[in-house]
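Before any comments, here is the structure.
The numbers here are math on the coordinates, done by the rules we state, and not lab data. Please read these numbers as outputs of a predicted model, since none were measured by experiment. No Cβ is skipped: glycine too gets one built from the backbone with ideal geometry, and neighbour counts run over all protein chains shown.
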Amino acid sequence: MAELSSYRWTILGVFLVCLTLVGSLLIYWPSLLNTFHGPKQTQSSSPVNVTKTTTVLIWYWGFGFNQGIRKNVCKERFGIPNCILSDDRSLFPSADFIVFHNRELITGQQRLPLHLPRPQNQGWVWFSIESPAHNGNLKRFAGKFNYTMSYRLDADFFMPYGWLVPHDVGPGMTVHDFIPKDKSHLACWIVSNYAAHHRRTRVYNRLKQVIKVEVYGGAVHRRLNSKDKLPTISHCYFYLAFENSEFQDYISEKLWSNALQGGAVPVVLGPSRKNYEAMIPKDSFIHVDDFSSVEELGQFLKQVAEDRERYASYFKWKLNYTVAHTSNWLVEPQCRICTKINTLQRPKVYSDLQSWENK
């Protein structure tokens, strides 16, 4: 009987050990999955400390647009507490993050402060909202930056040119209520950077042989001031939201601030249709690449403009969403660094920033 009792206690002990192991797996399994399937750029380590006030230092202003900010601007303007934003370089030794705008680096107007002793846990942020075609050679920055701030969906700090937010339009509204009434032009295009080697230029030159396109901007000496831009676009059935270069996720203000806010159906040229559909509904735009020829595209635009209901279908998104964009691209995204730090992992270094940008 004593041997049987001892055997039972042994079995019970083994059972309790197994139960403990299973419980531990259930608790930590999500963390294990994150370790195996997390972003390749992120190294497994402890999260950034978010219990103290975070200082974000702007090393220099992009394009020289000095904002003259106060240190509590993040709380005053965006409701973000415990976040100090400053351009005072004397804060370098204590800053948690330093933001460097790429344009001034590649032109030689500014340099990284490599001569200063860099605090061990200080995060350097590479910042650009331009496409790779205009970002220069980034190979010299290998191993210098910890984080990226960009329009790229996989950036550490995502900064899109615009986005859709849910919007309740109220009862009784129909899609026709959102379409500007006075449509007098089939298509329009605002362009300042007009270059013969751009694909968009070649497409436009063929498209204008099929349909009439009203062109505005410095490139054609027909400028529009900011007050007249949206009213002018509202008179057009379609707006040519043609990007000057075609790269992953590069969808600029040409779509958001011009076409969608201007009340014209965007005809887009840029990344793939799938990439656009990650940002906006698939039935809210027309993609140049959906057609076998530019001539076919032109004929399609004429047909849609003549069909009231078919044209209205491109505005269905307005029943559920409205367009939003950053109020100040030199201040707001930098403040929002403070809201993201609890999701960041350290240590992290971009050993090949050029490859990340071009992938």
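Taking a 25 Å limit on the Cα-Cα distance, which of the listed pairs LYS227/LYS254; LYS139/LYS348; LYS75/LYS316 fall beyond it?
Details: LYS227/LYS254 16 Å; LYS139/LYS348 17 Å; LYS75/LYS316 36 Å.
Long pairs (Cα-Cα over 25 Å): LYS75/LYS316.
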Checklist outcome for this item: Output ordering of 277-286, 55-64, 177-186 (per-residue mean of other Cβ within 10 Å, highest first) is 55-64, 277-286, 177-186
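Local charge sum around ASP87 (other residues, Cβ-Cβ under 12 Å, Lys/Arg +1, Asp/Glu -1)? It would help to have the intermediate numbers written out before the result.
Details: positive: ARG70, LYS71, ARG89; negative: ASP88.
Here the charged neighbours net out to +2.
For the pair LYS139 and THR326, what calculated FRET efficiency results from E = 1/(1 + (r/R0)^6), where r is the Cβ-Cβ distance and R0 = 30 Å, to the nearest 0.05?
Working: r = 29 Å, r/R0 = 0.97.
So the FRET efficiency works out to roughly 0.55.
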Next on the checklist: For the chain, what are Rg and Dmax over the alpha carbons, in angstrom?
Outcome noted: 26.4, 104
Checklist outcome for this item: Between MET173 and ASN358, the two model label points (7 Å from Cα along the beta-carbon direction) sit apart by a distance in nm of 4.6
Item to check | Eligible lysines near LYS208 by straight Cα distance, threshold 18 Å, same-chain separation 8 or greater | outcome: LYS302
Checklist entry - Between VAL165 and PHE92, what length comes free when the chain is fully extended (0.36 nm per residue of separation minus the Cα-Cα distance, one decimal in nm)? => result 22.6 nm
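Within 10 Å, count the other beta carbons around each residue, average over each peptide in 315-322, 95-102, 243-250, 218-225, and list them highest first.
Going from most to least packed, we get 95-102, 243-250, 315-322, 218-225.
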Checklist entry - How many nm separate the modelled label positions at ASN66 and GLU296, each set 7 Å beyond the Cα in the direction of the Cβ? => result 5.6
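Could you order the peptides 227-237, 131-141 from most to least packed, using the average number of other C-beta atoms within 10 Å per residue? Let's see the in-between values first.
Values: 227-237: 17.6, 131-141: 15.9.
Going by the mean number of other Cβ atoms within 10 Å, highest first, we get 227-237, 131-141.
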Item to check | Over 27 Å [Cα-Cα, region 163-324], rounded percent | outcome: 19
